[in-house]
1. Using amide H atoms built in the peptide plane, which far-off residues or other-chain residues are under 5 Å from residue A:301 H to H?
2. Determine the calculated [θ] at 222 nm for chain A from helices alone, applying -39500 (n - 2.57) to every DSSP H run no shorter than 4 residues and normalising by the residue count; nearest 500 deg cm²/dmol.
3. Roughly how crowded by other chains is peptide A:172-183, in terms of the mean Cβ count from those chains within 10 Å of each of its Cβ atoms?
4. Whole-Hz Karplus ³J(HN,Hα) for segment B:95-111, in order, using 6.51 cos²θ - 1.76 cosθ + 1.60 and θ = phi - 60°, x for Gly and Pro?
5. Find the Cα radius of gyration of chain A, compare it with 2.2 N^0.38 Å by division, and give the number to two decimals.
6. Other chains' Cβ within 10 Å of B:72-79 residues: what's the mean?
7. Just the number: Rg to Rh for segment A:63-218, Cα atoms, Kirkwood Rh, two decimals.
8. What translational diffusion coefficient, in µm²/s and rounded to a whole number, does the Stokes-Einstein relation yield for segment A:180-319 at 10 °C and a viscosity of 1.306 mPa s, taking the hydrodynamic radius as the Kirkwood radius over Cα pairs?
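Bear in mind these aren't lab numbers, they're just calculated from the coordinates by the rules spelled out. Keep in mind that this is a model prediction, so the values were computed, not measured. FYI the Cβ positions are ideal-geometry reconstructions off the backbone, even for glycines, and counts take in every protein chain you see.
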Amino acid sequence: MFAEAVREAFERCPNLNPKRDIEALIVGHMGESFEHQGHTGPTMLDWSGMLPIPATRVESACASSGAALRCGIFAVLSGMHDVVMVGGVEKMNHRATPDVTEFLAMASDFPFEQWHGITFPGLYALIATAHMHKYGTTEEQMAMVAVKNHRYGVLNPKAHMQKEVTLEQVMSSRMIAWPLKLFDCSLVTDGASCLILTKPELARKFTDTPVHIIGSGQASDAIGLYEREEFTTLKAAKLAAREAYGIAKVESRDVDVAEVHDCFTIAEIVAYEDLDFCKPGEGGSLLEREATTIEGDLPVNTSGGLKSKGHPVGATGTAQAYEIYLQLTGQAEKRQVKDAEIGLTHNVGGSGATAAVHIYRKG
Amino acid sequence: MAVKCRSCVNLFLPPRNVCPRCFSTNLEWTELDEKGTLLTYTVIHVPPSQFQSVAPYALGIVEFEDGVHLLGMIRGVKQEEIMVGMDLTVDFDTNTPSQWPMWPRYFFKLP
């Protein structure tokens, strides 16, 4: 899978000589438990035919490749490397659901969360309950996220679940962690993603369709959701967004298309608020106004999101960046956002202990 | 039990060897009042492997004095009777597991 993603990245840079030009690999991967395979950096490098350059794995739970992307930016900006490959990979779908549930829960606090039977749907359900109680957000509004993102997954040939769902289907799907139901949850997916990063002055040497990364932000919070003062917002995401907007010198209203971390439907609503797409508590009404559809003011998750495209956890951050690359270079076909110039990705690890936000401009 | 920093009077859980607010190591154990308030909750229908036999079960985050929070199971309360803001108290299992973290599980119940 990872080798296929790497190969596509090479194809999209026709003037790149991979074995000569690429100087390092930084790869996001969350868990060795899924395949009993650690030491992912050199493993992925070898399978991609790219030995012997340096290869390092970055682990930040579901934000692993968002963090890898940021490390790749550092590698280029530091002057150490001119061209690096960043990506992510996860193979999860061959494991039984209880095992996947347990492995993913390792991204939460062990003695104070996992040991009491928490799951990731459970952690986001705690966020959902708090959001419903504080702001009156409804299960129907959460279901609207699923309906929208599945609609766009149908338009994405690489989406895991290319199937539309109705509001009624989401609302009547079986309970996973009240108030979250089956169709409020993202998918257990196998997947890989890869980007080639270089300096702005070299980009056009390799491709006619570069995209500029103009802002990067990352922040952290307590690993335990329970430790935080507020459960209706992810503070790390707000801080990461503030940093990324500041570096990019853009504001939320300048963003034309965004990929946000909809691991659960409530997470997309909270993301709208943390990214300043709306005020706290107004995420649900943004969906009711259809503001985040392709025809709306700020299209979100045109790829289908984690909800429909799938959530191969370690691969998600750079897969989001890939969708923004397609949108900003006019290659998103049936889901193309008209005149998209500024894009944003929002990648969250765990229940919000890590968040990475990146901002992109058309080349 | 929570940890109190003698230097800055910060009260915190999980317990740590160094105060996360002021980096002091001048710390002491302090007993919390058992009464708290439910901040948010969920009911787990699809559990991890080791909780298959007890599902569905309710989990909540409870706030104790000075803003100390804990996540744990809510036992002995019907799901439809669980409400954000309700008063709960903490109790402990009688058995101590032999594996990490090797202390009796706490849980929440009606006062």
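1. So residue A:301 has HN proximity to A:258, A:259, A:260.
2. Calculated mean residue ellipticity at 222 nm is -11000 deg cm²/dmol.
3. Mean inter-chain Cβ contacts per residue within 10 Å come to 3.
4. 8, 10, x, 7, 9, 3, x, 6, 9, x, 5, 8, 8, 10, 8, 5, x
5. So the Cα radius of gyration is 0.91 times the expected 2.2 N^0.38 Å.
6. So the per-residue partner count for this stretch is 1.
7. 1.05
8. Rounded, D is 96 µm²/s.
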